[in-house]
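Novice: To start, I am sharing the structure in question, which I have written as structure tokens.
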């Protein structure tokens, strides 16, 4: 039965791309429109970030953005890489490198989100 | 003698010479906007993380984003985020509910519709960002030039 076949990693990853992509339309659009258009970079400073990161709702929102957008982007980059790299072994090496980059940067972002801004340390 | 072909060379040559028209341009724009947004996203996650790891550095990062070339880049970024979403939705909807629209003739329409929709969603934000850039970086208030100015 076709329905009994356990989906492979690639199938699961493909689904992730589609579902995260659909979710990112409201999430990322609202984020960019709010911060870059309505608020604007001239009104953003560390105090503004500190207020937002003190709010559990915005932290959750940003955490979802970090999770969905960055994983979506890094998997997309892996697909682009596959267009240029055809050797199985090289593909595997690049995939692992991308995974490490994704893990490291995601962890840095997640820690900053969880801990919040520290404007009192600005010199 | 012809230079040896490599995957990279083949791809770049293919991008430049493949005459797939609309579907091909949508693919190129989707890829370009995706890579552009990813590049910005990596920088953005790291610079915003300085609010916790190195707070004194954050103000410098924001200062950069306020510079004119960066603000122009942000207007482009807004288009990239919106176009990638609209075209992604076109791909998902076509795949899931109307696969017959993958026909080349139908795609010629859907690709244009996606571009128009993305431009309509982008334009108001782009105008506001451009207004803010002139206001803060050049001290030009475009609203003052309106006939019924503020």
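Read the figures in this text as sums done on the coordinates, not as results from a lab. All values reported here derive from a predicted model rather than from experimental measurement. Counting neighbours? That spans all protein chains shown, and the Cβs are built from the backbone with ideal geometry, glycine included.
Novice: How far is helix B:68-97 tilted off the main Cα axis of chain B, in degrees rounded to 10, range 0 to 90?
Specialist: On a 0 to 90 degree scale, this one is about 40.
Novice: Could you list A:52, A:15 in order of exposure, starting from the residue whose Cβ has the fewest other Cβ atoms within 10 Å?
Specialist: A:15, A:52
Novice: If R₀ is 22 angstrom, what is the calculated FRET efficiency for the pair residue A:19 and residue B:18, using the beta carbon separation as r and rounding to 0.05?
Specialist: 0.15
Novice: For the residues B:94, B:11, B:33, what sequence is obtained by ranking on other C-beta atoms within 10 Å, fewest first?
Specialist: By the 10 Å Cβ count, ascending: B:11, B:94, B:33.
Novice: Quick one: give the max-minus-min coordinate of the C-alpha atoms of segment B:1-93 along each principal axis, largest first, in Å.
Specialist: Taking the Cα atoms of segment B:1-93, the three principal extents are 55, 41, 24 Å.
Novice: If you don't mind, another one. Can you tell me the orientation of helix A:88-115 relative to chain A, as the angle in degrees between its alpha-carbon axis and the longest Cα principal axis, to the nearest 10?
Specialist: 20
Novice: If you stretched the chain out fully between residue A:47 and residue A:96, how much longer would it get, using 0.36 nm times the residue separation minus the C-alpha to C-alpha distance?
Specialist: 13.9 nm
Novice: Among B:22, B:74, A:88, what is the fewest-to-most ranking by other Cβ atoms within 10 Å?
Specialist: Going from sparsest to densest Cβ surroundings: A:88, B:22, B:74.
Novice: How many nm separate the modelled label positions at residue B:54 and residue B:104, each set 7 Å beyond the Cα in the direction of the Cβ?
Specialist: Result: 5.2 nm between the two label points.
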